[in-house]
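Worksheet: one structure, shown below.
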Amino acid sequence: MTIGKEAWITGTGAVTPLGSGLATFARAILAGRSGVTTRQLLPDQPDTTQIVAMVDAIPRPPGCDASRFARFNRLEQLGLSCAAFALQDAGLWQERASRRIGLVFGLGAEWLRQWELDALQGGDRVCHPNRDAESTIDLIQEALELTGPAITVAAACASGNYALAVARRWIERGCVDVCLAGGCDLIAPMAYAGFHNLRALSRRTDAPQAASRPFDVDRDGFVMGEGGSLLVLESSDSARRRDARVYAEMAGFGATSDATHMIIPNTDPRPAAQAIRRALEDARVAPEEVDYVNAHATSTPAGDPAETRALRLALGSAAAHTPVSSTKSMTGHLLSGSASIEALACLAALEHQALPPTINLENPDPECNLMHVRGEAYERKVRVAVSNSFGFGGSNTCLVLRKVA
Amino acid sequence: MNFCATTTARVVLASDVVAFGVERASLADLPRLRQAPGPLAGWEIPKRLLHRADGQTVVGFAAVLNAMNRWGMPVAHFEEWGVLAAPQYPGRSASAVALRKFIKSGVAAIMPHIIPQHSLHSLSGAISVALGMRGPNFGVGGGRAAMAEGLFAALSFLDDGPTPGLWLVLTQWVPELAPDTSGDGPDESVCHAVALALVSPRGGDLQMKVTVPGVAPGHPHARPAFPRLARDEDSCELAGVAALGKHLDSGQWSAPAARWLCPSLPDCELEFHFASEARKQRAA
């Protein structure tokens, strides 16, 4: 690592089922509030409701008038809102066009979502490629007048962590001096149907706010959520020069693949544990120094114990006293948006020196024997926070965030 | 490290290419390729992995097998490698079918594999699973600029770290698939795929590099000289995966391969260079 090229997080923009912006989000997760509710989602089942964690309103970014904002679809609005408020939060809004600001956007099923949004309005864009000229990143770049490179990355539910990793490389290598990175996703009926038919979703319709219960013995699947977050990464040199507020250093990243199945997590914990170890090594952090782990834990029967085994293997004896929670118990699972809002949860822990809980964890599964933060947040000195995100295709990723002294 | 910042503040992202493969298939060819993507001695590909996979996954995977066979490299060599794949508009055909069914028949008509098998991450995930590659795997692009995004991402992600190398797999239908609601497209559409095995530069025979303007040192507020190029569908297509595949197959590596026009990236200038005539002939 070159001195001065460390990737510091100096801004955040977030739209989540628990509200928008880091401050609102932090208050909600530290209060143990659930963003899960029920909505009528499926056009062919008007008499049923589905358990979801939805975004009620997407804040309109500065400088974008209402009629222009309304012309974007919800997916584009999400990305644009997160990006604009992140730049504003970083104090870079006014000078955004005069700096080279890159964009790495985590979004796994962009075109499936775009085509579905269009089809549900009666369109047939999917059959007409000439209507697919602009990606979401193009729209964000154009709307915000960004001049740096921009790419979309995807590793399903780990997309946001890859986005942050690529952005960090760009900063280290001098391709940009500021980069927006993270991920967003939204709930679309056909995608919901796909996960439903995969039997991946909770069916606890009688108690929706208790449906997302990671590590609990009675968990029965995940709750689909929507929203996301983009973070502003900036070289430490650049942040120092302009005396920027610094949330944390993106200190480490590790990634591996299970290489066993496209959907089902590996029962062998070694590949996921290796991703965690690589991230810690990258950050030069020993397992004993980890103050908090935000687990991927989606509340599925297979995934939570698999992650538990990986954490125990990676952290060794330190696992017994390292606090772990899954904020998906409150936010639901935001798919491509999940990794970046869980990075945001880690920033909340670093900023407030308190650990967000896993709610609904009434009877911890013996196969998920970790030091859980159950039910309520508590204060604790947090200097190093770790966030796991795993995804379809066997992706295992781990992010290490460190408080900057 | 695979980069150097020069005095002109240009950043060169570079790699060696230790193997490459090229594959093409029309819609009519896909069922055959799905059944038999290519030979691979001593390795068993999971039987039904490609059964429901997107067409670009099938052709991209076949390009990787082509590369391994062409260069005589065993699968075991790549166990710790990563996979980065950049398909263009993955899942279009499956989505056309699924949307028709969903609107007509509702939830029950949707196959559970639509997201796992037809998203941006699906190609890289399938290659990782099929060939037991345990390094990072992720998708890049997805839209019209997928190829340029893939090249830029791969070269900036490649490192001397624990991952010894990275497969970069680029795929694209030419012309872009325009399916009807049964998922069938026009007969003339051909899916092109190029697979490149990349390692950090070590003076090998075949090298690839992308030159981008860097952030000018000492001038943090100076607007960088990033030429913004016009969107141009024809140029993206003509200088896309098909052109790269043709170029690699032609053996004319010593000249710059192409210059990609890309709406979301600066002008990425891609160059291939072959140092050794002997290896060039071997690859041909």
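Mind listing the phi-derived Karplus ³J(HN,Hα) values for region A:132-137, rounded to whole Hz, using 6.51, -1.76 and 1.60 with θ = phi - 60°, and x for any glycine or proline?
9, 5, 10, 7, 4, 5
Assign one of three labels to region B:1-129, namely rounded, prolate or oblate, based on the Cα gyration tensor with a ≥ b ≥ c the square roots of its eigenvalues; rounded applies when a/c is under 1.5, prolate when it is not and a/b is larger than b/c, and oblate otherwise. Write down the numbers at each step before the final one.
Details: a/c = 2.51, a/b = 1.49, b/c = 1.68.
Oblate, because a/c is 1.5 or more while a/b does not exceed b/c.
Would you mind checking which residues have amide H under 5 Å from A:Gly252's amide H? H placed 1.01 Å from N; only 5 or more apart, or other chain.
The answer is A:Val400.
Averaged across the residues of A:127-133, what count of C-beta atoms belonging to other chains lies within 10 Å of each residue's C-beta?
Taking all residues of A:127-133 together, the mean is 6.
Amide H neighbours of A:Ile101 under 5 Å, counting only residues 5+ apart in sequence or on other chains, H built in-plane at 1.01 Å?
Amide H to amide H, under 5 Å and 5 or more residues apart or across chains, A:Ile101 pairs with A:Thr147, A:Gly148.
What is the mean number of Cβ atoms from other protein chains located within 10 Å of the Cβ atom of each residue in peptide A:252-265, rounded to a whole number?
Mean shielding count: 6.
Please compute the net charge surrounding B:Ala126, taking Lys and Arg as +1 and Asp and Glu as -1 over other residues with Cβ under 12 Å from its Cβ. Before the final figure, lay out the partial values.
On the way: positive: B:Arg34, B:Arg48, B:Arg52; negative: B:Asp54.
Here the charged neighbours net out to +2.
In sequence order, what are the phi-derived ³J(HN,Hα) couplings for region B:167-173 according to the Karplus relation 6.51 cos²θ - 1.76 cosθ + 1.60 with θ = phi - 60°, rounded to whole Hz, with x for glycine and proline?
Each residue of region B:167-173 in turn: 7, 10, 10, 10, 9, 6, 7 Hz.
If we sort B:78-85, B:98-105, A:302-309 on the protection proxy, mean other Cβ atoms within 10 Å, highest first, what's the order?
Details: B:78-85: 24.9, B:98-105: 19.0, A:302-309: 21.9.
Put in order of decreasing packing, that is B:78-85, A:302-309, B:98-105.
Using alpha-carbon positions, what is the distance between the centroids of region B:122-170 and region A:247-295, in Å?
Each part's Cα centre sits 19 Å from the other's.
Can you give me the long-range amide H partners of B:Gly143? Hydrogens built in the peptide plane at 1.01 Å from N, cutoff under 5 Å, separation of 5 or more residues or another chain.
Distant-sequence amide H within range of B:Gly143: B:Tyr89.
Mind running the shape call on region A:6-71? Use the C-alpha gyration tensor, a ≥ b ≥ c as the square roots of the eigenvalues: rounded below 1.5 for a/c, prolate if a/b tops b/c, oblate otherwise.
oblate
Net charge around A:Ser238, counting only other residues with Cβ within less than 10 Å of its Cβ (Lys, Arg = +1; Asp, Glu = -1)?
Charge balance in the 10 Å sphere: +2.
Considering only B:Val12, A:Ala211, B:Ala153, whose Cα is most displaced toward the positive end of the charge dipole of the protein assembly as shown, charges sitting on Cβ of Lys, Arg (+1) and Asp, Glu (-1)?
B:Val12
Choose one answer from A:Leu233, A:Leu120, A:Leu315: the residue with the largest mean-square fluctuation in a GNM of chain A with alpha-carbon springs under 10 Å.
Sorting by GNM fluctuation, first place goes to A:Leu120.
Rg and Dmax in Å for the protein assembly as shown, alpha carbons only: what are they?
23.1, 71
Ordered by residue, what ³J(HN,Hα) values in Hz, to whole numbers, does region A:211-226 give under the Karplus form 6.51 cos²θ - 1.76 cosθ + 1.60, where θ = phi - 60° and Gly and Pro are x?
Couplings: 6, 8, 9, x, 6, 7, 5, 9, 5, 9, x, 9, 10, 6, x, 9 Hz.
Using Cα springs under 10 Å in a Gaussian network model of chain A, which residue among A:Ala310, A:Ala273, A:Ala119 shows the largest mean-square fluctuation?
Checking each option, the largest mean-square fluctuation is seen for A:Ala119.
Evaluate peptide B:76-89: per residue, the Cβ atoms of other protein chains within 10 Å of its Cβ; return the mean as an integer.
Per residue, the average neighbour count from other chains is 2.
Over the Cα atoms of chain A, what Rg and Dmax result, in angstrom?
19.7, 60
Of A:Asp206, A:Asp177, A:Asp268, which is the most mobile in a GNM of chain A whose springs link Cα atoms less than 10 angstrom apart?
Highest fluctuation among the options: A:Asp206.
How would you classify region B:33-73 from its alpha-carbon gyration tensor, with a ≥ b ≥ c the square roots of the eigenvalues: rounded for a/c under 1.5, else prolate if a/b is greater than b/c, otherwise oblate?
Working: a/c = 2.86, a/b = 1.50, b/c = 1.91.
Taking the square roots of the gyration eigenvalues as a ≥ b ≥ c, region B:33-73 is oblate.
Put +1 on the Cβ of every Lys and Arg and -1 on every Asp and Glu Cβ in the protein assembly as shown; which of A:Ala109, B:Val169, A:Ser235 then has its Cα farthest towards the positive end of the dipole?
Checked the options; the winner is A:Ser235.
Calculate for the protein assembly as shown the 222 nm mean residue ellipticity that helices alone would give, adding -39,500 (n - 2.57) per DSSP H run of length 4 or more and normalising by residue count, nearest 500 deg cm²/dmol.
-9000 deg cm²/dmol
State log₁₀ I(q)/I(0) for region B:12-86 at q = 0.11, 0.12 Å⁻¹ as given by the Debye formula over alpha-carbon point scatterers of equal weight, solvent excluded.
Here log10 of I(q) over I(0) equals -0.30, -0.36.
Read-outs: derived from the displayed coordinates by stated rules, not from any lab. Owing to the predicted nature of the structure, the values given are computational and were not obtained by experimental measurement. Note that each Cβ is placed from the backbone with ideal geometry, even for glycine, and that neighbours are counted across all protein chains shown.
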